[in-house]
1. Any residue that is of a type in the set (A, V, I, L, M, F, W, C), modelled with pLDDT under 90, open to solvent by less than 60 Å² (accessible area, probe 1.4 Å) and under 19 Å from V65 (Cα atoms) - is there at least one of those in the stretch 127-136?
2. Pairs under 7 Å by beta carbon, first residue surrounded by 15 or more Cβ atoms within 10 Å (Cβ to Cβ) in the stretch 150-175, partner at pLDDT 85 or above and part of a helix (DSSP H, G or I), six or more apart or different chains?
3. Please work out which one of (1) free of Cβ contacts under 8 Å to residues at least 12 places away in the same chain; (2) small (G, A, S); (3) at positive phi is the condition G107 fails and give its number.
4. How many residues are surrounded by 14 or more Cβ atoms within 10 Å (Cβ to Cβ) and charged (D, E, K, R) if we restrict to the stretch 186-209?
5. Find the residue count for the stretch 190-230, including only residues that are in contact with a helix residue (DSSP H, G or I) (Cβ under 9 Å, 6 or more places away or on another chain) and β-branched (V, I, T).
6. Every residue in the stretch 210-230 that is assigned to a helix (DSSP H, G or I) and open to solvent by 40 Å² or more (accessible area, probe 1.4 Å), please.
7. Filter the stretch 64-89 for residues that are out of contact with any Lys or Arg (no Cβ under 8 Å at 6 or more places or on another chain) and not in a strand (DSSP E or B); which is most open to solvent (accessible area, probe 1.4 Å)?
8. Filter the stretch 116-126 down to the residues that are of a type outside the set (D, E) and open to solvent by 40 Å² or more (accessible area, probe 1.4 Å) and list them by number.
Amino acid sequence: MATTFANKKSAGQPAATPAGPVPITQDAPRRRRRPVVVGAGLALAAVGALVAVWQVDEAGNRTPVIALAHDVKAGETVKKSDLVVAEVAPDPALAPVPVSRSGDIVGKTAAADLPKGTLITDSSVREGSPVAQGRDTVGILAKPGQLPAQQLRTGNTVALVHTPQDDADAAKSSSTQKTADSISAVVVGVSSPDANGAVVVDVAVAGTDSAPLATWTARGAVTIVLKAGS
């Protein structure tokens, strides 16, 4: 009887809990990826790839156009040495002149002050200078002392003062010429200084003044005065 009782008691008791930590199994639950997130990631990757391809294609799709190698002032004649080739991507907002049409630009005058690096368009230049329309243009070789230190610019109003080099020349001029001792003019162009600092100043004058001014210029007997407010 004692044996039977002992067996029944042990059968009714719960199983003993094993000592020590419970081992971690490899069958941990996995997170499920949402189809929407996966699709968005793939779409972004595709867009990035397309942008990269477009950028590479645009980098190679460039057109050679005309730009300025240095500053050109308004009214100055554009020379071949003023131009440089620039490569730009096509843009409907821009209308630069292609290199193949550089001959259409050389020899024309700048319509406005054009800084270095400016892309040349058809409106950047024009035929001739409006300040010279209806007037004669005379070039004056002016040395330091015959023009102001302030740089002359196209459109400046100047007085061309007759300054004979000696008394004999002054007497001869006064007896042979009936023009005034000064002539009003407008600057239409200024060259770069030479090694001695002399520049050629192109001025527009009335037709009746061009001959005497040319005579003064040939003798080096003219001084350029910049008018106030010009």
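The values are calculated or read from the model by the stated rules, or taken from the named source; none is laboratory data. Everything quoted here is computed from the prediction, not taken from an experiment. Ideal geometry is used to build each Cβ from the backbone, glycine not excepted, and the neighbour counts take in all protein chains shown. Note: accessible area is taken over every heavy atom of the protein model, side chains too, but ligands, DNA and RNA are not part of it. Shrake-Rupley method; radii C 1.70, N 1.55, O 1.52, S 1.80 Å.
1. Taking every residue of the stretch 127-136 in turn, none turns out to be of a type in the set (A, V, I, L, M, F, W, C), modelled with pLDDT under 90, open to solvent by less than 60 Å² (accessible area, probe 1.4 Å) and under 19 Å from V65 (Cα atoms).
2. Close Cβ pairs (under 7 Å, with a partner that is at pLDDT 85 or above and part of a helix (DSSP H, G or I)) amount to L160/L213; H162/W216.
3. The number of the failed condition is (1).
4. The total comes to 2.
5. Residues meeting the conditions: 4.
6. Pass one, the stretch 210-230, residues assigned to a helix (DSSP H, G or I): 210-218.
A211, A214, T215, A218 - these are the residues of the stretch 210-230 that are assigned to a helix (DSSP H, G or I) and open to solvent by 40 Å² or more (accessible area, probe 1.4 Å).
7. K80
8. Scanning the stretch 116-126 gives K116, G117, L119, S123, R126.
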